[in-house]
Structure formats: C-alpha cells, structure tokens
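Input: a single structure, listed below in structure tokens.
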Amino acid sequence: MAISSKYNPEGLEQQWYNKWIENKLFSSVPDERPSYTIVIPPPNVTGILHMGHMLNNTIQDILVRRARMLGYNACWVPGTDHASIATETKVVNLLKEQQLSKEIIGREEFLNRAFDWKEKYGGIILEQLKKLGCSCDWDRTRFTMEPDLSEAVIDSFIDLHSRGYIYHGTRMINWDPIGKTALSDEEVIYEEQQAKLYYVKYQIEHSNEYLEIATTRPETIMGDTAVCVHPNDDRYAHLIGKNCIVPLVNRIVPIVADDYIDIEFGTGCLKVTPAHDINDYEIGKRHNLESIDVFNDDATISSAAGIFIGEDRFIARKLAAKRLEELGILTKTEDIVNKVGKSERSKAVIEPRLSAQWFVDMKKFMADYPEVLSQVMNDEIQFHPQKFKNTYNHWLINVKDWCISRQLWWGHRIPAWYTPSGEVAIAKTPEEALKKLADKSLSVIDLKQDDDVLDTWFSSWLWPISVFNGFKADGKKELEYYYPTNDLVTAPDILFFWVARMIMAGHAFEGKMPFKNVYFTGIVRDKERRKMSKSLGNSPDPIELMNKYGTDGVRMGLMLSAPAGNDILFDELLCEQGRNFCNKLWNSFRLIKSLDITEKRNSYYTTYGDTIHDWMQIEIAKTTQVVNNHFDAFRISDALMELYKLTRDDFSGWYLEMIKPTFGDAIPQIDFDRTVAMFDELLKLLHPFMPFITEELWHGFDQRDNQFINQQKWPTFSINLDQQTIHLEVFELVSEIRAKRNENGISPKVEASLGINSKNSEIYLAASGIINKLANVATLEGADENAFKVLVGTDEVSISFKNFVQKIDIAVVSKEIQRLNSFLNSIDKKLGNEKFIANASPEVITREEQKKADTLSKIDSLKKQLK
C-alpha cells in the first residue's frame with residue numbers, strides 16, 4: 001500500500017479515538033496496580049473550548065498517558081460544573097426572549113428548564129475535549145448537580161454546620177446588582193478606572209461653620225449617619241462630640257473620632273455610610289451608628305434615600321452632584337484614578353451591602369486544621385512553580401469568612417428550614433427538620449426552605465472526594481484506592497477559589513490532603529503579550545486550529561511555549577512548527593518503510609552498523625533520563641523540547657543518514673530491525689505529547705490488533721551512558737564540511753579531502769567510513785594548499801575540494817580575529833580580578849581558563865589562514 005507523502009490527520013484522529021473508546025483503553029477500576037489519579041478542573045457546563053482549556057487538558061493528558069505507560073492504573077475523571085451564575089443567566093435570557101421571567105414560571109419549572117438547557121448544550125465542551133485526544137475515563141463523567149454529588153454537598157453543609165463551621169449572620173457582603181446575588185471576596189475583580197473626587201460642605205449644627213468632606217460617591221450621602229475625624233487631628237478637635245447636617249436630606253448626625261481616619265487623605269474628614277462601605281460599617285459598629293440602605297437590589301435608589309428614588313446609582317451620582325452645586329456646597333471636583341470592584345461573572349460594579357447570609361468561619365477552620373497551610377509550606381503538597389506558595393500563605397494568613405449563600409435558583413438549595421416564628425432547623429428533608437424542632441405541633445407544610453443556593457465553589461471544593469462517591473458508604477472502597485489523587489493541573493487565578501478550599505475539604509472530611517502536586521499553568525497570551533479575549537479578536541478557535549494543523553500539531557505548538565506558571569506567548573507559527581514536526585516523523589517512517597532488505601551485511605554495516613546503533617541507543621537513553629527528570633520537576637515543556645531535538649536532530653538528522661544504505665543497495669535485516677526498534681522507542685516517548693500520529697506509526701510496522709501504544713511500557717535502559725561510540729566532534733566536522741559546500745556552491749558529489757591537526761585524531765579515523773558517507777570525504781590525511789581552515793572544538797581541520805580554489809576574504813577573517821581578541825580581553829579581566837578569583841568556585845575558574853585556551857587556539861588558526 002502506498003504511503004502518502006505528507007501526514008494527513010483528517011479522519012485518522014477520529015478513527016483512533018473511536019478505537020481507544022471501543023477498547024475501553026481509558027477505563028479504570030481498582031486492581032492490584034498502584035493508582036495514578038487526576039480529577040479534571042470541571043469546566044462550566046456553559047463553556048466551550050478556549051486556549052486555556054487546551055493547554056490545561058493537554059498537560060493533564062500528557063501526565064495520564066505517561067502514567068499508564070509507567071505501569072500505573074491511571075484514572076482521569078472528567079466532568080462539568082453547574083456554574084450557578086453563568087447558567088442561570090443563560091436560562092433567564094432565554095425566558096426574556098419568550099417574554100417570561102423566572103418569577104412568572106416559578107422555581108420548579110425554572111429548574112426543569114435549566115436542566116433541559118444543560119442536557120441540550122452542556123456536553124459541548126466534553127465532546128471538544130475528545131477531539132483534543134483527552135484520555136479521560138468517560139464512564140466516570142460527573143456533574144456537580146447530579147443526585148449523588150448534590151447529596152454530598154447537602155451532607156457536607158449539615159456536617160459543617162453541626163461542627164460550628166457554618167453560621168448565619170448579617171455582615172457586609174459584595175452585592176452583584178445585575179446577578180442580584182451575594183459574592184465572595186474572591187469573586188470580585190478590582191480594576192483601576194477614572195473617577196471624580198467631590199468636595200462637599202457639611203454644616204455644623206447651630207453654627208455657620210462647615211466641615212469639608214471629600215467623597216467619590218455623592219449618591220450615598222443620603223445614607224450618611226455620622227462624620228468621622230481622627231482623634232489627634234487638631235483641626236477638628238473642637239468639633240468632636242458635636243453634630244452636623246447631612247446635605248440633601250438635612251439629617252442631624254454626630255461627629256465622631258476614630259483611629260481609622262487617614263489625616264493626610266482628602267480633608268481628613270470622612271462621611272460614614274455604614275450600609276455601603278465595609279470600613280464605614282466597622283466604624284458604625286464601634287460607634288453604634290444607624291445603617292440606612294439607600295439602594296434596591298438592582299442598585300437603583302431606594303425609598304429610604306428620600307430623594308432620587310428609582311434612579312440608577314450612576315445617574316443618581318450626577319443628579320446629587322448637580323443638586324450640591326445648586327446648593328452652593330460643592331466646593332470643587334478632582335479627577336482621580338481609583339480601584340473599583342467588579343463581579344468576575346457579570347462585570348457589574350459591586351455594591352458593598354449589609355445582608356443576612358450564610359458563611360463559613362474560616363478562622364475557626366484554619367485554627368482546627370493548620371495543616372492546610374503547613375503542608376503546602378513544607379512541600380508535602382508541592383506547588384509547581386513554588387513561587388505561588390507565598391501567594392497561598394498570604395491569603396490564608398489574612399483569610400476572611402467565606403460567604404457561601406447566593407440569591408439564585410440554579411444550584412444546591414441551602415438545607416435550612418424555617419418555622420412561622422422564625423426558628424430554623426438544618427436538615428436534608430422537612431421531615432428530618434421537624435424532628436429537630438422544639439415545637440411538636442408543626443407539620444411539614446408549616447416549614448419553608450431557605451430560598452438561597454450555595455456558592456458553586458462549595459460543591460467544587462468536594463470534587464476529589466465526591467467524584468468517587470466518597471460521602472456514601474459504598475464509595476469508600478474506591479475512595480481509599482484513588483484518594484489522595486496525584487496531580488492537579490489548574491490556573492493560578494483559582495488558587496483561592498478552588499485549590500486552597502479543596503485542601504480544606506480534604507482535611508475536614510477525609511483527614512488528609514487531596515493531592516500531592518499542583519501544576520499551575522500560565523495565562524495564554526498572544527505574541528504581543530495581550531491576554532487572549534474575544535473582544536480583542538486575538539483568541540483563535542481551538543477547533544479550527546486542530547482542523548488546520550492537526551491535533552498533535554496544536555498540542556505540540558502549545559507545549560513548546562508552556563513553562564509551568566509562566567505566561568504562554570502563543571503564536572500560530574508554533575502550531576505550524578508542530579505540524580512540520582509531524583511531517584518530519586512521518587517522513588522518517590516513510591524512509592524506513594521504503595528500504596529494501598537483505599540478509600547479508602556489507603563491509604560498511606559490518607564495520608560501523610553496531611557503532612551507529614549503539615550511539616543512537618545511548619542518545620535515546622540519555623534523553624530519556626533527562627526527560628524523566630523534567631517530568632519529576634514538572635518541566636513538561638522542557639521534556640518535549642528534549643524529545644523534539646532527539647527526534648529531529650539525532651534520529652532523523654544523523655542516525656537515519658548514517659544507517660540507510662547507499663542508493664540502489666539494501667539494508668541488512670539485523671540493521672533494519674534495530675532501526676525499527678529505535679523508532680519504536682521514540683514513538684513511545686513522544687506518545688503522551690502526540691497521541692494520534694504515534695499510534696498510527698506504531699501500527700505501521702506490525703500487525704498489532706487490539707494493542708495500543710499507550711498500553712506499552714515507558715522506555716527504560718540499563719546501559720553505560722558515559723560511553724561514546726561516535727564522538728560529537730565527528731558530527732561537528734561533517735557540519736563544517738557541509739557548511740563550506742553550501743557557502744561556496746560546491747556540489748555534494750565533489751570529493752573533499754581533510755587534514756586534521758588533533759591530539760585525538762583516532763576519534764575521526766575510527767569513524768572515517770561514516771564521515772565519508774555523510775560528507776563525501778576521500779581521505780582524512782591529504783588536504784591541499786587551497787584548503788579551508790576551520791576549528792572543530794580546538795582541533796584544526798583543513799578542508800579542500802577537488803578542483804576548487806578557495807578565495808579567502810581577508811577582511812572577514814581579520815574582523816573575526818578582532819572579535820576574538822576582544823573576547824580574550826574580557827576573560828583576562830575576569831581572571832585578573834582578585835574578587836572574582838576569591839569568590840568563584842574552582843569549576844568556574846577552570847571553565848574560564850579553558851575558554852581562554854580555546855580562544856587563543858582559534859586566533860592562532862585564523863592568523864595562519866591569513867598568512
């Protein structure tokens with residue numbers, strides 16, 4: 001059968017993926033092998049594949065495929081997150097198109113429609129992950145709102161509440177006026193933006209005296225219940241304890257003193273609005289001030305404000321400024337830059353708001369489970385790269401209580417049941433709640449369940465446990481086998497949302513850490529360092545990329561630019577490079593398959609065959625050792641680069657050129673078999689990175705029914721890695737000869753003659769037949785007077801070509817001598833520096849001295865050329 005001249009992944013990739021699925025290649029059940037477990041960071045059920053997903057899941061697949069080859073029972077659990085805010089927004093918008101709302105259709109019908117939407121659209125991203133080649137155990141696919149996982153969430157809430165970790169209280173929270181829900185601190189993103197600072201006069205009661213106050217939010221003046229100054233500010237000492245009049249509403253409020261005030265900021269006076277600022281709220285608690293909420297749920301002005309009722313807050317800001325100006329008490333405005341909190345999901349400007357919500361007592365949690373911090377800091381749980389340990393440490397030391405209630409319908413409804421008198425019971429069902437309540441005259445119909453649902457992250461933090469049904473008695477056996485998981489691959493922006501909380505949940509419910517390693521991917525940026533986004537138009541469609549360059553090409557392109565924890569500067573040219581490498585691999589396969597085979601070995605193979613094979617075997621073994629070390633340190637990009645160079649340069653560039661027969665001849669069977677075996681090892685090493693082409697080529701040499709490359713053992717070697725059958729200088733010499741041919745337009749058919757001045761000339765003589773084959777060299781001992789002079793390491797080599805007269809460019813050689821002399825001066829300065837000699841290690845000094853000797857040798861050789 002003819003082999004196509006180029007690798008064409010179209011059709012081939014789907015064909016192999018189907019075979020993997022049909023043969024249950026990715027399925028895992030507990031057995032006698034050690035487990036290797038990864039749980040996928042569950043993408044939002046609303047999501048579609050983007051470049052961040054591509055990177056994250058490619059890394060996971062590389063780790064899982066290699067683990068299988070290392071003999072582990074590899075289990076990669078896929079699934080999706082119900083994404084409360086994102087999904088509810090999708091369904092609410094669909095209802096709007098039908099002139100409906102969730103309030104009109106009711107909670108039960110809304111949830112039915114949300115589940116219908118999830119069934120119709122929610123699996124898109126998982127199907128896209130299959131196109132990427134992800135080797136997940138798809139039979140284990142989970143969804144955070146499926147019955148078993150929902151039950152786990154409710155059980156964990158009840159358990160934590162009974163242990164005193166969850167409480168209900170009125171606190172200052174972050175309010176999203178678009179989503180109309182509370183948010184945790186971690187769900188608020190702060191952005192710098194242009195703003196105005198308004199200077200407003202507040203009149204002292206029974207006086208013509210005024211206090212001048214600077215504020216960025218005149219629309220909240222109607223909620224002011226005090227003015228605050230610093231107790232040590234002499235400017236206002238005489239006013240402490242007196243009252244002033246709040247503009248616009250003429251409310252009489254006290255002037256209080258508090259250490260929180262920054263004397264240097266603005267005028268040193270602060271208007272205190274306890275209902276709309278966290279710091280004002282704390283001042284209000286200390287001074288027993290009233291809280292007046294001047295906003296409705298949608299951030300329009302409430303009736304409590306008395307004026308501007310129903311206006312949007314930003315319109316109210318302009319109206320308030322205009323009214324203050326008309327009253328003659330707006331003294332000036334300044335343009336400033338300040339940070340404004342926005343909802344990560346809806347992008348709405350957040351309103352600090354007093355609200356009754358459910359919280360996790362994080363300080364109590366950390367006091368009871370200090371290992372949540374210590375295991376990361378002492379590397380029992382290893383972060384890759386380690387720089388994120390400091391971020392983790394800072395967050396946990398300064399951790400705040402976690403607001404876990406959300407004013408939504410799509411999610412896990414809080415298991416709190418209220419009586420008409422306001423008594424509350426925490427229970428899974430109303431029947432269980434009745435048993436906990438003191439009033440035995442009540443019935444189920446008297447109870448009302450809390451309307452709120454739990455934060456999405458409250459289900460996600462259970463993920464490594466709940467996906468194995470770890471909260472159910474019949475799931476404990478699986479959990480013991482697969483938990484703790486091995487590696488977690490995630491983005492650093494959810495370090496607090498998810499990673500830290502999973503570690504907390506692991507200790508709270510299982511008494512152990514949930515994973516051993518956390519690999520943080522970087523942010524995928526374009527080559528101009530801009531974050532990829534739809535609005536900038538710089539985010540390519542991953543599916544289109546895979547269709548254009550093949551999945552293996554795209555995977556390789558991503559990984560070549562993906563050092564752990566550092567931003568990825570993605571350029572589509574990298575995918576082209578990946579595709580070109582696939583073609584390189586394909587062409588190596590075509591070359592090997594095209595060879596004619598003979599049983600006899602000629603003199604070349606008898607003399608050099610084993611030497612060439614041994615050299616390649618050693619190179620593969622050495623690279624494998626380096627690759628294994630990179631994997632151990634989670635330098636996965638570096639591991640791929642080593643294999644890329646091994647395949648492109650050593651195998652395709654040198655080995656195949658040395659071992660293939662001359663035109664018209666055949667390769668001995670023994671040499672062909674060793675060549676195929678060498679290629680086989682390369683395919684296994686490359687497979688985790690490039691699963692499709694390696695599977696295709698691995699099946700290209702043999703009939704391997706119902707066998708797959710991912711089931712094969714990861715290559716291991718027990719050979720002396722220090723032996724050198726072919727020295728590096730041989731390849732450098734061939735490269736120099738080829739370079740001279742190219743520079744001077746000399747045909748490869750023209751014979752070359754060499755003269756080698758070296759203390760180790762035997763390394764060239766031992767490989768003379770190889771040098772002759774690769775560079776058409778007639779002799780190693782007979783260059784003529786027209787020879788080119790080159791250095792191979794420190795060996796002087798003369799290269800002449802039959803019937804070719806060399807013209808030396810004196811200016812070029814002189815310029816090179818000048819450059820080398822400058823370099824020599826820099827080395828002499830370093831070696832003549834007493835401080836350098838005193839502080840440098842002996843190895844460094846020896847290296848510098850060797851550089852000096854090599855440079856002197858090169859200068860001497862060039863001077864001889866000039867002479």
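Show me the GluC sites (Glu not before Pro) within segment 463-547 that DSSP assigns to loop and that have at most 13 other Cβ atoms within 10 Å of their Cβ.
Numbers: sites: E478, E480, E510, E528, E544; in loops: E528.
Listed in order of number, the matching sites are E528.
Can you give the accessible area per residue of segment 627-683, in Å², using a 1.4 Å probe? Don't skip to the end; give the middle numbers.
Details: 2090 Å² over 57 residues.
On a per-residue basis, segment 627-683 sits at 37 Å².
I want to check the label-to-label distance for E816 and D297. Put each point 7 Å from Cα in the C-beta direction and report it in nm to one decimal.
Label-label distance for E816 and D297, simple model: 8.0 nm.
What residues of segment 338-381 lie in the reach of a label at D312, counting those whose backbone N is under 20 Å from a point 7 Å from the Cα along Cα→Cβ?
340-352
For K389, which lysines qualify as cross-link partners when the Cα separation must be under 20 Å and same-chain residues fewer than eight apart are set aside?
The reachable lysines, counting only those whose Cα sits under 20 Å from K389, are K363, K400, K512, K516.
Which value, in Å², gives the accessible area per residue of segment 61-196 when a 1.4 Å probe is used on the protein heavy atoms? Mind showing how you got there, number by number?
Values: 5710 Å² over 136 residues.
So segment 61-196 comes to 42 Å² accessible per residue, rounded to a whole number.
Cα to Cα, under 18 Å, and not fewer than 8 places away if on the same chain: which aspartates and glutamates meet these conditions relative to K131?
Counting by Cα, and skipping residues close in sequence, K131 has these aspartates and glutamates nearby: E10, E13, E22, D61, D139, D541, E544, D552, E695, E696.
What is the percent carbon and sulfur in the accessible area of the chain, measuring with a 1.4 Å probe over the protein chains and ignoring ligands?
The computed percentage sits at 48.
How big is the gap, in Å, between the Cα center of segment 738-775 and the Cα center of segment 300-362?
Centre-to-centre distance over Cα atoms comes out at 80 Å.
Once amide H atoms are built 1.01 Å from N in the peptide plane, which residues 5 or more positions from I173, or in another chain, come under 5 Å H to H?
Amide H neighbours of I173: R353, L354, S355.
How much length is gained on full extension from L824 to D159, taking 0.36 nm per residue of separation minus their Cα-Cα distance?
Details: separation 665, 0.36 × 665 = 239.40 nm, distance 7.31 nm.
Using 0.36 nm per residue and subtracting the Cα-Cα distance, I get 232.1 nm.
Dipole of segment 1-142, Cα-centred, from +1 at each Lys and Arg C-beta and -1 at each Asp and Glu C-beta, to the nearest 20 debye? Before the final figure, lay out each step's value.
Values: 18 positive and 17 negative charges, 69 e Å.
Charge dipole of segment 1-142: 340 debye, to the nearest 20.
How much FRET efficiency would the formula 1/(1 + (r/R0)^6) give for I670 and K759, where r is the Cβ-Cβ distance and R0 is 51 Å, rounded to 0.05? Spell out each step's value before the answer.
Numbers: r = 35 Å, r/R0 = 0.70.
Once the sixth-power term is evaluated, E becomes 0.90.
If the chain between K131 and N18 were fully stretched, how many nm would it gain, using 0.36 nm times the residue separation less the Cα-Cα distance? Working shown, then result.
Numbers: separation 113, 0.36 × 113 = 40.68 nm, distance 1.05 nm.
The K131-N18 span can extend by a further 39.6 nm.
Computed FRET efficiency, Cβ-Cβ of I105 and E843, R0 60 Å: what is it to the nearest 0.05?
Working: r = 76 Å, r/R0 = 1.27.
E between I105 and E843, to the nearest 0.05, is 0.20.
How about K428: which lysines have a C-alpha closer than 20 Å to its C-alpha, ignoring those fewer than 8 places off in the same chain?
Correct list for K428: K436, K440, K448, K472.
For segment 483-566, what is the accessible area per residue in Å² when the probe is 1.4 Å? Display every interim value, and only then the final one.
Numbers: 2880 Å² over 84 residues.
Heavy-atom accessible area per residue stands at 34 Å².
If you fit an axis through the alpha-carbon atoms of helix 669-686 and take the longest principal axis of the Cα set of the chain, what angle between them do you get, 0 to 90°, nearest 10?
Helix 669-686 sits at roughly 20 degrees to that axis.
Using only alpha carbon pairs under 8 Å that are at least six residues apart, calculate the relative contact order of segment 226-325 and give it in whole percent.
Details: 145 pairs, mean separation 21.0, N = 100.
Relative contact order comes out at 21 percent.
Go ahead and collect, in residue order, the members of segment 820-838 whose backbone nitrogen is under 11 Å from a label point 7 Å along the Cα-Cβ direction of S857.
Zone members listed by number: none at all.
Under 1.5 on a/c is rounded, so check that first for the chain, then, if it is not, pick prolate when a/b is larger than b/c and oblate when it is not; a ≥ b ≥ c are the square roots of the alpha carbon gyration tensor eigenvalues.
Values: a/c = 2.86, a/b = 1.80, b/c = 1.59.
It is prolate, given that a/c is not under 1.5 and a/b is the larger ratio.
Cα axis of helix 572-594 to longest principal axis of the chain: angle in degrees, 0 to 90, nearest 10?
Tilt relative to the chain: about 40 degrees.
Once amide H atoms are built 1.01 Å from N in the peptide plane, which residues 5 or more positions from R525, or in another chain, come under 5 Å H to H?
Those qualifying (amide H under 5 Å, at least 5 residues apart or on another chain) are I568, L569, F570.
How much solvent-accessible surface does R819 expose, in Å² to the nearest 10, with a 1.4 Å probe and all protein chains in place?
It works out to around 130 Å².
Out of all DSSP beta bridges in the chain, what portion is antiparallel? Express it as a percent rounded to 5. Write out the running numbers ahead of the final one.
Working: 67 of 92 bridges.
Taking every DSSP beta bridge with both residues in the chain, the antiparallel ones total about 75 percent.
Give a quick list of trypsin sites (Lys or Arg not before Pro) in segment 180-256 that DSSP marks as loop, anything other than H, G, I, E or B, with at most 14 other Cβ atoms within 10 Å. List each step's numbers first, then the result.
Working: sites: K180, K196, K201, R235, K242, R251; in loops: K180, R235, K242.
Sites meeting the loop and neighbour criteria: R235.
What is the distance, in nm, between label points placed 7 Å from the Cα along the Cα-to-Cβ direction at T391 and at V444?
Once both label points are built, they end up 4.8 nm from each other.
Can you work out the Karplus-derived ³J(HN,Hα) for every residue in segment 817-827? Use 6.51 cos²θ - 1.76 cosθ + 1.60 with θ = phi - 60°, whole Hz, and x for glycine or proline.
Per residue, the Karplus-derived 3J(HN,Hα) values read 4, 4, 5, 5, 5, 5, 5, 5, 4, 5, 5 Hz.
What does the extension gain come out to for K713 and T662, with contour length at 0.36 nm per residue minus their alpha carbon separation? The partial results should precede the final answer.
On the way: separation 51, 0.36 × 51 = 18.36 nm, distance 3.43 nm.
Gain on extension, K713 to T662, equals 14.9 nm.
Using alpha carbon centroids, what distance separates segment 28-44 and segment 647-688, in Å?
36 Å
Under a point-charge model restricted to the Cβ atoms of Lys and Arg (+1) and Asp and Glu (-1), what is the dipole moment magnitude of segment 478-528 relative to its Cα centre, in debye to the nearest 20? Let's see the in-between values first.
On the way: 5 positive and 7 negative charges, 30 e Å.
Dipole of segment 478-528, to the nearest 20 debye: 140 debye.
Work out the FRET efficiency for N742 and K120 from their Cβ-Cβ distance, taking R0 = 45 Å, and round it to the nearest 0.05. Don't jump to the answer; show the numbers that get you there.
On the way: r = 61 Å, r/R0 = 1.35.
Taking R0 as 45 Å, the efficiency between N742 and K120 is 0.15.
Past 22 Å, Cα to Cα, is the threshold; run K622/K713; K815/K852; K6/K740; K271/K322; K600/K622 against it and keep the listed order. Numbers along the way, then the final one.
Values: K622/K713 17 Å; K815/K852 19 Å; K6/K740 31 Å; K271/K322 19 Å; K600/K622 31 Å.
Check vs 22 Å cut-off fails for K6/K740; K600/K622.
Need one value: the accessible area of C244 in square angstrom, 1.4 angstrom probe, rounded to the nearest 10.
Accessible surface of C244 is approximately 0 Å².
So which trypsin sites (Lys or Arg not before Pro) in segment 653-752 are both in a DSSP loop and have at most 15 other Cβ atoms within 10 Å of their Cβ?
On the way: sites: R674, K684, R704, K713, R738, K740, R741, K749; in loops: R704, K713, K749.
Qualifying residues, ordered by number: R704, K713, K749.
Under a crude label model (7 Å from the Cα following the beta-carbon direction), how far is D596 from D185 in nanometres?
That separation, rounded to one decimal, is 7.8 nm.
The values are calculated or read from the model by the stated rules, or taken from the named source; none is laboratory data. These figures come from a predicted structure and were not determined experimentally. Every residue, glycine among them, receives a Cβ derived from its backbone with ideal geometry; neighbour counts consider all protein chains shown. Side chains are part of the model used for accessible areas, which takes the heavy atoms of the whole protein and leaves out ligands, DNA and RNA. Shrake-Rupley method; radii C 1.70, N 1.55, O 1.52, S 1.80 Å.
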